[in-house]
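Peer 1: Can you read through this structure? Questions will come right after.
The values are calculated or read from the model by the stated rules, or taken from the named source; none is laboratory data. Because the structure is predicted, anything quoted here is derived from the model rather than measured. Positions of Cβ are backbone-derived with ideal geometry, glycine not excepted, and every protein chain shown enters the neighbour counts. In case anyone asks, the SASA skips ligands and DNA or RNA and just uses the protein heavy atoms, side chains included. Shrake-Rupley method; radii C 1.70, N 1.55, O 1.52, S 1.80 Å.
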Amino acid sequence: ALLLRRCFLAHRLDLVDPMFMANVFSIMILATCLWSGEAAKRPRDETSVRDAAGLLFLAPVYWAFQIMITSLQTFPPDFDVVTKERAAGLYSISAYFVARTSIDTVTSCLLSPASALLYYFVVGYRPSGFGWHVLVLFLNSLAAHSAGLCIGAWVRNMKRAMTLQTVYMLTTMICGGFYVTRIPTWLEWVGDLSFIRYAYSALIKIEYAGAHYDCPKGRCRVLGDDAQLKQLPGGPFIGIQLAALAAFGVGFRLLAFWGLKRNTA
């Protein structure tokens, strides 16, 4: 409890940093204004389907970038202090890990679901899918936060950590299923390492499962191999995507703990 209080007092201002909040809300408000036009058109046509899908991709990518950059800086400034205090037997590494990450995790992962209130209904997404939408954003943020912790725990040099984080994040974005829907067979494993791919796939299925849009033929399916948007992996249900996002969050966090323990021994 004392360690948790110490971490909170030392980093409480990081949770409500004015520049970070201004960044978040300005981008979300801008996105809401941009996508409140053609993308919100009902009934859907080819243009509004594509535009609405673009926001479904932007949301997890934007939050992943923001949260990874923030969480990447969690451990490196404390390495020397933690190493000395751990050597003195003041606390265990597990106690420090839990205390240092618990508050940041909750606040970071709740921001993205809260931001969905700004754009979700304005853009005209399915009201019945809102709960699933915010759940996917929460798990996506958890995966991104854990990935940032993992890189920061293993790479002590901040410049190298930022480089690795940029490479990984851009890779997850490129392989997310929006820019390239059919990855070459020998590179499919790269797509499997992209948590953005699972988040985007889930958001698309929540919004467009069984949906149709106005087309020259009359009414056309949104999802499918021969439809407006290619059928994403995992079948019609989102259980696989949710499980994958949770696995990314837990797996990266375990690796972060291992890296922190190794670098502060």
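Peer 1: At 1.4 Å probe size, what's the solvent-accessible area of residue 189? Round to the nearest 10 Å².
Peer 2: Accessible area, nearest 10 Å²: 150 Å².
Peer 1: From the phi of every residue in segment 59-69, what ³J(HN,Hα) in whole Hz does the Karplus formula 6.51 cos²θ - 1.76 cosθ + 1.60 yield, where θ is phi - 60° and glycine or proline is x?
Peer 2: 4, x, 5, 4, 5, 4, 4, 4, 6, 5, 4
Peer 1: Of 207, 85, 46, which has the most accessible area and how do the rest follow, probe 1.4 Å?
Peer 2: So, going from the largest accessible area down, we get 46, 85, 207.
Peer 1: Would you rank 248, 75 by solvent-accessible area, highest first, keeping every protein chain in place and using a 1.4 Å probe? Write down the numbers at each step before the final one.
Peer 2: Values: 248 35, 75 5 Å².
Result of the area sort, largest leading: 248, 75.
Peer 1: Convert each backbone phi in segment 74-79 into a coupling constant with the Karplus relation 6.51 cos²θ - 1.76 cosθ + 1.60 (shift: θ = phi - 60°), then list the ³J(HN,Hα) values in order as whole Hz, x for Gly and Pro.
Peer 2: Those phi angles translate into 6, 8, x, x, 9, 3 Hz.
Peer 1: Now for a different question. If I take every Cα pair under 8 Å that is 6 or more residues apart in the chain, average their sequence separation and divide by the length, what percent do I get for the relative contact order?
Peer 2: Numbers: 329 pairs, mean separation 69.0, N = 265.
Worked out over the chain, it gives 26 percent.
Peer 1: For the chain, find the longest principal axis of its Cα atoms and tell me its angle to the long axis of helix 158-174, 0 to 90°, nearest 10.
Peer 2: Between the helix axis and the principal axis of the chain, the angle is about 20 degrees.
Peer 1: Name the most mobile residue of 137, 90, 58, meaning the one with the largest mean-square fluctuation, in a Gaussian network model of the chain with Cα contacts below 10 Å.
Peer 2: 90
Peer 1: Where does helix 93-123 land angle-wise versus the long Cα axis of the chain, in degrees 0 to 90, nearest 10?
Peer 2: The angle comes out near 20 degrees.
Peer 1: Under a Cβ-only charge scheme (Lys and Arg +1, Asp and Glu -1), can you give me the dipole magnitude of the chain about the Cα centre, in debye to the nearest 20?
Peer 2: For the chain, the charge dipole is close to 440 debye.
Peer 1: Round to the nearest 0.05 the FRET efficiency obtained for residue 47 and residue 250 when R0 = 41 Å and r is the Cβ-Cβ distance.
Peer 2: Computed FRET efficiency for residue 47 and residue 250 comes out at 0.55.
Peer 1: In addition: Any chance you could check the Cα centroid distance between segment 30-98 and segment 151-212 for me, in angstrom?
Peer 2: Cα centroid of segment 30-98 versus Cα centroid of segment 151-212: 13 Å apart.
Peer 1: Another question, then. Stretch residue 122-residue 156 to full length: gain in nm at 0.36 nm per residue minus the Cα-Cα span?
Peer 2: Extra length available between residue 122 and residue 156 comes to 7.9 nm.
Peer 1: Computed from the coordinates I sent, percent of Cα pairs over 35 Å apart equals one of (i) 13; (ii) 25; (iii) 22. Tell me the label.
Peer 2: Here percent of Cα pairs over 35 Å apart agrees with entry (iii).
Peer 1: Let me ask something additional. By how many degrees, between 0 and 90 and to the nearest 10, does the Cα long axis of helix 2-11 differ from the longest principal axis of the chain?
Peer 2: Relative to the chain, helix 2-11 is tipped by roughly 60 degrees.
Peer 1: Additional query: For residue 79 and residue 163, FRET efficiency with R0 = 25 Å and r from the beta-carbon atoms, rounded to 0.05?
Peer 2: Given R0 = 25 Å and the Cβ-Cβ separation, E is 0.85.
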